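Just so it is clear, none of the values below were taken in a lab; they were calculated from the coordinates. Keep in mind the model is a prediction, meaning the values are calculated, not measured. For neighbour counting, all protein chains shown are included, and Cβ atoms are generated from backbone atoms with ideal geometry for every residue, glycine included.
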């Protein structure tokens, strides 16, 4: 079974928020490649799906790169790839069926971003017998499988996870935690459907503090404060979340003719929490983790997480060590200092967001607590 080797000529990812694709690289054909090598060699890692040509794209990385120890897997793959390998979907799924995948050994961290999910991923990495992968973007790529029948989507989703967890890439019999990017929230329901026996968590945060975290990043870049019409705000956030505009329109109350600065991003916050509510209401096995609880009652909440992850509570001291340093150090998202973010969201934007929330039917408070949220009780 042959794959195709692709030589990298140039690489040019856009903004950090952009989902990975083969377009991140300019490539040229470099001959046939034995697909069996991908199964046996852990230096190859799944990068993205090439839906247009029905192929899975792997990066060949140098031995010095440990993808379980990087803040963002997709960025390390992009930066360090020596060449690429393209594998047809048919072969990709057929070989995936040979990879042992025990769902009960999986811990999946769905999240809204800027909510402590990276440090939680790092904490799982400290737990004995657990390997945690932070943001393998190939899973976000699955938002582009919408046109396929649901069974085929499930097959490709499971195949992606199997390849990420194959014995050549992670230690044999390891438990594997995977932290998603927040755009994958739009297909959280499908991941729960494809992998119902995994431990699923949804990590979230107070919207005002969440937006303040983005405000700090924009202020560091000196981004201008812009204003968008209601239609523009819906279109922009739908494009970011990879969801139909109609999914956001219900939250964009008609009283709001325009959105200033980060106010529009509140639509995505409501949308992501609503996606969890829909799942939880349908009885799906997903538990919520609130950033504020993780900060204030860390030991107790982590013990609840360990229980639901089928891990012993004796792993708690090791996991706690992850909170002693910045999990995103060395990236554009790193803290400014040990105090974390001290830059508040501008008052006018805070008031506008609270006003928008007051008009929502369900998620109507900035500190809304989702049912099923793990607490210290």
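Sketch the reach of a paramagnetic label on residue 348 as a point 7 Å from Cα along Cα-to-Cβ, and name the residues of the range 224-267 whose backbone nitrogen lies under 11 Å away. Within reach of a label on residue 348: 225-227, 260-261. Taking the longest Cα principal axis of the chain as reference, the axis of helix 207-220 is set at about 70 degrees. Spin-label model, residue 365/residue 15: points 7 Å from Cα along the beta carbon direction are separated by 3.2 nm.
Ranked highest first by the average count of other Cβ atoms within 10 Å around their residues, in what order do 316-322, 48-54 fall? Show your work: numbers first, answer last.
Working: 316-322: 16.3, 48-54: 18.1.
Order by mean packing, descending: 48-54, 316-322.
Estimated at 0.36 nm per residue, the fully extended path between residue 219 and residue 146 surpasses their Cα-Cα distance by 22.7 nm. For the range 1-105, the normalised intensity computed at q = 0.15, 0.22 Å⁻¹ comes to -0.64, -1.32 (log10 of I(q)/I(0), Debye sum over alpha carbons, equal scatterers, no solvent).
Computed from the C-beta positions of residue 172 and residue 255, the FRET efficiency with R₀ = 51 Å rounds to 0.35.
A straight line joining the Cα centroids of the range 211-280 and the range 120-138 runs 29 Å. With the simple spin-label model, which puts each label point 7 Å out from Cα in the Cβ direction, the residue 307 to residue 90 separation comes to 5.0 nm.
I'd like the projected area of the range 48-120, averaged over all directions, using the convex hull of its alpha carbons. Report it in nm² with one decimal.
Details: hull surface 27.1 nm².
Over all viewing directions, the range 48-120 projects a mean Cα-hull area of 6.8 nm².
Both the radius of gyration and Dmax for the range 151-284 are 17.8, 56 Å, in that order, over alpha-carbon atoms. Per-peptide packing, taken as the mean over residues of other Cβ atoms within 10 Å, places 259-265, 6-12 in the sequence 259-265, 6-12 from highest down. With the simple model of a label 7 Å out from the Cα in the direction of the Cβ, residue 229 to residue 278 spans 2.7 nm. One decimal place: the segment residue 324-residue 239 gains 27.0 nm when fully extended, by the rule 0.36 nm per residue minus the C-alpha distance.
Each stretch of four or more DSSP H residues adds -39500 (n - 2.57); spread over every residue of the chain, this sum gives -10500 deg cm²/dmol at 222 nm.
What number do you get for the chain when its Cα radius of gyration is normalised by 2.2 N^0.38 Å, N = residues? Intermediate values should be presented prior to the final figure.
Values: Rg = 20.5 Å, N = 377, 2.2 N^0.38 = 21.0 Å.
Compactness ratio reported: 0.98.
Taking all Cα pairs closer than 8 Å and separated by 6 or more residues, the relative contact order of the range 1-103 comes to 30 percent.
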